[in-house]
Amino acid sequence: MLAQLHAFAEWLATTAMSNTIQNVTWIIPTVQTVHIVCVALVISAVFLVDLRILGVFARAQPIAALSQRFLPWIWYVILVLLVTGSLLIIGEPTRSVTNPAFALKMAMLITVSVLTLLIERPLRRDPLYWDASGGRRAAVVTLAIVSLVLWSAIVFAGRWIAYISSI
Amino acid sequence: MIDAFCQWLHDTAWAETIRANELLFPTFESLHVLAITLVLGSIAVVDLRLLGFTSRNRPVTQLIREVLPVTWTAFAVAVVSGGTLFASNAVEYAHNFPFQMKMLLMLLAGLNMVVFHLVTYRGIGQWDAALRPPPAARAAGAISISLWIGIVAFGRWIGFTIGF
């Protein structure tokens, strides 16, 4: 598996697109900036909903109202993130494809995406779903805390790709 | 004088600690990025409302009251973590063009905020719930979001111009 990934990364590095991204100096900083701005939108939307669940933010508003306002569109921004992220990988494949920090980041992204859907979906049918019992309250608070931790860790892992060597 | 201050900052024990331990710089850098994403994202919530694009069913004053504590908390973390990164290599950062631009844009973002609060905000009673706030408020939102995106761009650019 690792050998295949290495071969893939080395092939990717020889493609015309990769060479363009490597050689035109403004492309990587610009794509990274778009990537960070999109991360800001997604992470703030999710954090505000999580903080509301924990009772820290906008307590006067129902969880469902905030969830509907902030969560449905994050998937489009995540699509942009997948595109900008892919461009960054194509530009520096040997740095990221077999980088443990990158693998961890993707694993956490998939996990937290599922958690976000777990929080949001029940609210579409029943706005008071998470307030219905003490057990559900505890469950959603746990989901919110795990979500906050995972999103923070995703930002850390993203930055650490630059500092951890590929294997 | 600025150079003397930066040199003193560079020579502090705290800055020396950051330079001596190779795990500390990326850790503070990650914390800085996390804080900035929350500053930018939470400010965008207000700016996009001022522009009349999102949260249109929410009065502006309420939205600002709710979001601002999140923004200021994240901003405080960004200043402390950013200050730590700066101290580790203060003289070089102070002479770095993208860094200087970043500071300038932050100053402008601050001025924009002051003008909004002292002038535009005073008449907010008339347009608090308006779907489309008046031109001055929309301008404040557009200027703010543009400046903050510029701050992120110049911040990222610093990393490509300063070598360790």
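The values are calculated or read from the model by the stated rules, or taken from the named source; none is laboratory data. Small disclaimer: the values here were computed from a predicted structure and weren't measured. Backbone-built Cβ (ideal geometry, glycine too); neighbour counts: all protein chains shown.
Can you find even one residue in segment A:134-141 that is of a type outside the set (D, E, K, R) and not in a helix (DSSP H, G or I)? Checked segment A:134-141: no residue is of a type outside the set (D, E, K, R) and not in a helix (DSSP H, G or I).
Of the residues making up segment B:13-25, those that are surrounded by fewer than 15 Cβ atoms within 10 Å (Cβ to Cβ), assigned to a helix (DSSP H, G or I) and either acidic (Asp, Glu) or facing another protein chain (nearest Cβ under 10 Å) (or both) number 1. For segment A:128-167, residues that are within 14 Å of chain B (Cβ to nearest Cβ), within 21 Å of A:Leu5 (Cβ to Cβ) and of a type in the set (S, T, N, Q) total 1. Of everything in segment A:37-67 that is of a type in the set (D, E, K, R) and surrounded by 18 or more Cβ atoms within 10 Å (Cβ to Cβ), the residue that is nearest to the other protein chains (Cβ to nearest Cβ) is A:Arg52. Residues in segment B:145-154 that are under 17 Å from B:Ile43 (Cα atoms) and either more than 8 Å from every other protein chain (Cβ to nearest Cβ) or touching a residue at least 12 places away in the same chain (Cβ under 8 Å) (or both): B:Ile145, B:Ser146, B:Leu147, B:Trp148, B:Ile149, B:Gly150, B:Ile151, B:Val152.
Scanning segment B:91-107 turns up at least one residue that is closer than 27 Å to A:Ile161 by Cα and of a type in the set (Asp, Glu). Look at (1) touching a His at 6+ places or on another chain (Cβ under 8 Å); (2) closer than 14 Å to A:Val42 by Cβ; (3) not small (Gly, Ala, Ser) and you find that A:Thr98 fails only one, number (2). Just one of the listed residues (A:Leu115, A:Leu123, A:Leu143, A:Leu109) is within 17 Å of A:Leu82 (Cβ to Cβ) and at pLDDT 95 or above, and it is A:Leu109.
So that you can scan it fast, the table gives a plain yes or no per residue for (1) touching a residue at least 60 places away in the same chain (Cβ under 8 Å); (2) within 14 Å of chain A (Cβ to nearest Cβ); (3) at positive phi:
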site	(1), (2), (3)
B:Arg56	yes, yes, no
B:Trp72	no, yes, no
B:Ala78	no, yes, no
B:Ala90	yes, no, no
B:Met101	no, yes, no
B:Leu104	no, no, no
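Confirm whether B:Ile162 is out of contact with any strand residue (DSSP E or B) (no Cβ under 6 Å at 6 or more places or on another chain) and within 30 Å of B:Pro26 (Cα to Cα). When the stated conditions are applied, B:Ile162 passes them. Listed here are the helices (runs of 4 or more DSSP H) enclosed by segment A:1-86 that have at least 2 residues being farther than 28 Å from B:Ile149 by Cβ, out of contact with any strand residue (DSSP E or B) (no Cβ under 7 Å at 6 or more places or on another chain) and in contact (Cβ under 8 Å) with a residue 24 or more places away in the chain: A:2-14, A:63-70. For first residues located in segment B:33-54 and over 24 Å from B:Arg138 (Cβ atoms) and more than 10 Å from every other protein chain (Cβ to nearest Cβ), partners that are surrounded by fewer than 22 Cβ atoms within 10 Å (Cβ to Cβ) and among the acidic types (Asp, Glu) and lie 6+ apart or on another chain with Cβ distances below 7 Å do not occur. Pairing residues of segment A:149-167 that are in contact (Cβ under 8 Å) with a residue 12 or more places away in the chain and among the hydroxyl-bearing types (Ser, Thr, Tyr) with residues that are part of a loop (DSSP other than H, G, I, E, B) and buried (at least 21 other Cβ atoms within 10 Å of the Cβ), at Cβ distances under 6 Å and at least 6 apart in sequence or on separate chains, gives A:Ser166/A:Asn99. Could you tell me whether any residue of segment A:129-138 is out of contact with any Asp or Glu (no Cβ under 8 Å at 6 or more places or on another chain), of a type in the set (Phe, Trp, Tyr) and either under 28 Å from B:Arg49 (Cβ atoms) or surrounded by fewer than 19 Cβ atoms within 10 Å (Cβ to Cβ) (or both)? Taking every residue of segment A:129-138 in turn, at least one turns out to be out of contact with any Asp or Glu (no Cβ under 8 Å at 6 or more places or on another chain), of a type in the set (Phe, Trp, Tyr) and either under 28 Å from B:Arg49 (Cβ atoms) or surrounded by fewer than 19 Cβ atoms within 10 Å (Cβ to Cβ) (or both).
Checked against (1) surrounded by 15 or more Cβ atoms within 10 Å (Cβ to Cβ); (2) under 11 Å from the mean Cα position of the chain (by Cα), B:Phe28 meets all criteria but (2).
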